[in-house]
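First comes the structure, then the notes that go with it.
The values are calculated or read from the model by the stated rules, or taken from the named source; none is laboratory data. This one's a predicted model, so the numbers in the text were calculated from it and none came from an experiment. Here Cβ is always computed from backbone atoms with ideal geometry, including for glycine, and neighbour counts include all displayed protein chains. Calculation scope for accessible area: heavy atoms of the full protein, side chains included, ligands and nucleic acids excluded. Shrake-Rupley method; radii C 1.70, N 1.55, O 1.52, S 1.80 Å.
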Amino acid sequence: MYTEQAMDVAVIGGGHAGCEAALAAARLGMKTILFALSLDSIAMMPCNPSIGGTSKGHLVREVDALGGEMGRNIDKTYLQIRMLNTSKGPAVYSLRAQADKFRYKEEMKSVLEKQENLWIRQNEVVRIDVQEGRVAGVITATGAYYPCKAAIICTGTYLNARCIHGDYETLTGPNGLQSARGGLTENIASFGISLRRFKTGTPARVDGKTIDFSQMEIQEGDPVPVPFSFEDPAESLQRPQVPCYLAYTNEKTHEIIRANLHRSPLYGGVIHGVGPRYCPSIEDKVVRFADKERHQLFLEPEGEHTGEYYVQGMSSSLPEDVQRDMLRSIRGMEHVEIMRTGYAIEYDCVDPLELKSTLELKKIHGLFSAGQFNGSSGYEEAAAQGIVAGINAVMLLRGQEPLKVDRTNSYIGVLIDDLVTKGTNEPYRMMTSRSEYRLLLRQDNADLRLTEEGHRVGLINEDRYGRFLEKKTLIQEEISRLKTTRSLGGRGLLGDLLRHPEESYASLKEYDPTRPDLPLEVGEQAAIQIKYEGYITSQMKQVEKARKLERKSIPRDLDYKEIRGLRLEAIQKLDAVRPETVGQAQRISGVSPADISVLLVYLEQKHLREKKEREEANQR
C-alpha cells in the first residue's frame, strides 16, 4: 500500500449522487476526489433516458435552487420537455425531460473535469479507514491510500451487483459494466452497520428502424419549454424537440408473459433482493393487475444520434426470447429487434435508519452516504441526497450548522426524513402524495424556498442571489398591485377576479391596462399566491405547529428505558432510530401520540431539573 495526496472529502461513486456530492464539496473549497469504477459511467443513465416527472421534477428544481448541477445539465441536453399534470392544480405540476443520455453524461463529466478543487480517479474503493470512530482515509483496489477527513458513499447499484434475465446472470453492474466486488460491503458491515439487498430492473432497448411508429400515438414536447434551472432563461431552451410514442400491451402480450412465468427469475426464487413496488416489472404488472386488458408503454429515444429506443413501462427479467416475443406482440412492433436485453439487478445498500438527517452515518464520524446506497431509487432522488451529503460533509469539517432541509420546506426534506425516520423495505421512490404540505412545496417556488439556504452555505453566489432578491421583490410588488387595482370594465379588484377558478394571470391581461412588463414566472408566481391564498395560509399554520415540535431537540444519549409510561414498542423504535427532535420522533412507525406526550413531559421535567441544578451550582 502506498499513500497518495491527502484530501478533505472522498466521494465513492460517480453516478448522479456522486456528481452532486463532489461538485458541492469542491465548490465549497474542499479538496475533493471522486472515484468511479469507470470514467465512462460518470452520470450514466442506466435506466430510463429522462430527468424529472411527477414529484421528481420538484427534486431537480430544488437541487438547482441549492446550487446543484442536474437542472442546468438537463437544460443543455434535453430532447423533449413537457410539464406534466397541467389539468390539475399547481401543487402537482411537474417538469419532465427526455434526455440525450450520451450528451448528458458527457456534459456532466466535462463540468466535473473543469471544477476547481476536484480530482477524478478511475478506481474501486475497497475499504474505508476508520480510526477512533472517525474517517481517516480510503483505500483502493490497487493499494493506494488517500487520507481524507470525510467520505461519501454513492455506490448506486454497483455494490456486489449481479444482473439477471431468465437463467442467465452476470456478476456485473448496470449495462454490463464492472461491479464493485472488492470488499467494501464487508468493510462497512464490520463497523456494525446494517446492510440489505435490493433489486431494480430495466426494459429492453430496441432498434428504432424496426418500429412502425405510424401505428402509435405521437407525443410532442411543449411548444414553450420551461427550464429546470432557475438560471436558464426560457428563450435559451428553444430548439427542435424529438417526439416520443405511446403504445399498449394487449391480451396476446399478457398470454406470452403468463405462459413463461415459470422461467422468470422473479417468480422462480432466483432473485432475492426486494424490488420497487411503485415501478414493477411487466410480469409483475400482469400478475398483480390481472383484470387490466392493457398496460401503457412509452417509446423514448435514447439520444439524438442513436436509433435505440427505451420501452418505458416494460421492465423485465424474463429470458431474452420471451422478451422478444412479448415486444413483437405489440402494435407497431411486430418486427422489432432488441439491441439490449432487459434485466433485473441486485445490489447491496444500507438500512437508512443507520443515518442521521444530515446523511452522516450515526456510527462513524465523517462518513456520509447518498443515493441508491441509501435505499432510494431514481436519478433525481440520488442527486437530491448527493448535494445534501456534499454540503453537510463540508459543514461538518468547518464546524458549521448543517443544511436545513425538512418536510416543511422541501421535497428533499420529505425524502430524507422518510428514509432516516421510517426506513424502507423496498427501493424508495418520491411521490407528491408523500408530502403533507405539497401546496407549499410546488416546483414553481423551489427557488423561493431554498435559495436562501443555498446562499447561506455558499453554493449560490452573490450575482445569482441578487437576482433572486430582485425577483422576490417583484413578486411582492405585483401581489400588492393586483390586490389593490380595479379591473377595466368595473369587474372588481384584479386579485379578487384571480380567485375565480376559470381566471388566470394571462386571461386577465385585457382587463389590466396598467400591468407592468414582468418576467412570466413573476406574474404567474404572484397569481398562484393570490389564487390559493386561503389554502396556503392554512398550510402555513400547520407548518408552524410542526416546526414547534422540530425545535424541541432530544439528547443523542437519552436512555428511553428510563422514561416511565413509554410502551415497550416505542422504547425499541426510539432507541433504534435515535430521533434528533420530537417532531421526528412522532413520525416513527410504532410511536403513538400518547408516547409523544410522555416524551414531552419527560423532556420538560429534565429541562427543569437541569436548570435547577445549574442555579444551585451558581449559588454555591
Practice problem: Obtain the radius of gyration and the Kirkwood radius of the range 141-228 from its C-alpha atoms and give Rg over Rh. | Solution: 1.15
Quiz item: Once you list every other residue whose beta carbon is under 13 Å from the beta carbon of Phe373, what net charge do they have if Lys and Arg are +1 and Asp and Glu are -1?
Solution: -2
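Can you give me the accessible area per residue for the chain, using a 1.4 Å probe, in Å²?
Per-residue value: 42 Å².
Quick one: with all protein chains in place, what share of the accessible area of the chain is carbon or sulfur, to the nearest percent (1.4 Å probe)?
Carbon and sulfur: 49 percent of the exposed surface of the chain.
Can you pick out the pairs among Lys404/Lys545; Lys362/Lys606; Lys76/Lys114; Lys404/Lys561 whose Cα atoms lie more than 20 Å from each other?
Lys362/Lys606; Lys404/Lys561
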Quiz item: Semi-axes of the equivalent ellipsoid of the range 561-620: what are they in whole Å, largest first, if each equals the square root of 5 times a C-alpha gyration tensor eigenvalue?
Solution: 27, 11, 10
Exercise. Throw me the Rg/Rh for the range 1-137, computed over C-alpha atoms with Kirkwood Rh, two decimals.
Key: 1.05
Quiz prompt | Range in the chain, longest, excluding exposed chymotrypsin sites (Phe, Trp or Tyr not before Pro) [loop by DSSP; at most 12 other beta-carbon atoms within 10 Å] | solution = 290-620
Quiz prompt | Alpha-carbon Rg with Dmax, taken over the range 485-546, Å | solution = 13.5, 45
Quiz item: Between Thr306 and Gln400, how many nm apart are label points set 7 Å from Cα along the C-beta direction?
Solution: 3.9
Quiz prompt | Helix-only [θ]222 nm of the chain, DSSP H runs n ≥ 4, -39500 (n - 2.57) each, per residue, nearest 500 | solution = -10500 deg cm²/dmol
Quiz item: If packing is taken as the mean number of other Cβ atoms within 10 Å per residue, what is the order of 536-549, 570-583, highest first?
Solution: 570-583, 536-549
Practice problem: Could you check what % of the DSSP bridge pairs in the chain are antiparallel, to the nearest 5? | Solution: 70
Exercise. State log₁₀ I(q)/I(0) for the range 278-386 at q = 0.15, 0.18 Å⁻¹ as given by the Debye formula over alpha-carbon point scatterers of equal weight, solvent excluded.
Key: -0.82, -0.98
Quiz item: So if R0 is 30 Å, what FRET efficiency would Gln605 and Lys545 give, r being the distance between their Cβ atoms, rounded to the nearest 0.05?
Solution: 0.85
Quiz item: Average projected area of the Cα convex hull of the chain, in nm²?
Solution: 32.7
Quiz prompt | Area projected by the alpha carbon convex hull of the range 365-425, averaged over all directions, nm² | solution = 4.3
Quiz item: Using the Kirkwood radius built from alpha carbon pairs, what does the Stokes-Einstein equation give as D for the range 205-343 at 4 °C and 1.567 mPa s, in µm² per second?
Solution: 78
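Over the Cα atoms of the range 122-272, what is the Rg over Rh ratio if Rh follows Kirkwood? All intermediate terms of the calculation are to be shown ahead of the outcome.
On the way: Rg = 22.9 Å, Rh = 20.7 Å.
Rounded to two decimals, Rg/Rh equals 1.11.
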Quiz item: Ala136 versus Asp517, label points 7 Å from Cα toward the beta carbon: distance in nm?
Solution: 6.5
Quiz item: In straight Cα distance, which aspartates and glutamates are under 15 Å from Lys105, not counting same-chain residues fewer than 8 positions off?
Solution: Glu20, Asp40, Glu69, Asp75, Glu113, Glu302, Glu304, Glu380
Practice problem: Taking a cut-off of 20 Å between Cα atoms, list the lysines near Lys363, but don't count ones fewer than 8 places away on the same chain. | Solution: Lys149, Lys422, Lys573
Quiz item: What aspartates and glutamates could a cross-link reach from Lys541, if we take a straight Cα to Cα line under 15 Å and drop same-chain neighbours fewer than 8 places away?
Solution: Glu436, Glu533, Glu550
Practice problem: Please give the direction-averaged projected area of the C-alpha convex hull for the range 34-106, in square nanometres with one decimal. | Solution: 5.5
Exercise. Please report the relative contact order for the range 552-619, taking Cα pairs under 8 Å with a sequence separation of at least 6, and give it as a percent rounded to a whole number.
Key: 32
Exercise. Taking the dipole about the Cα centre of the range 552-619, with the C-beta of Lys and Arg at +1 and of Asp and Glu at -1, give me whichever of Gln572, Ser589, Ser553 is farthest to the positive side.
Key: Ser589
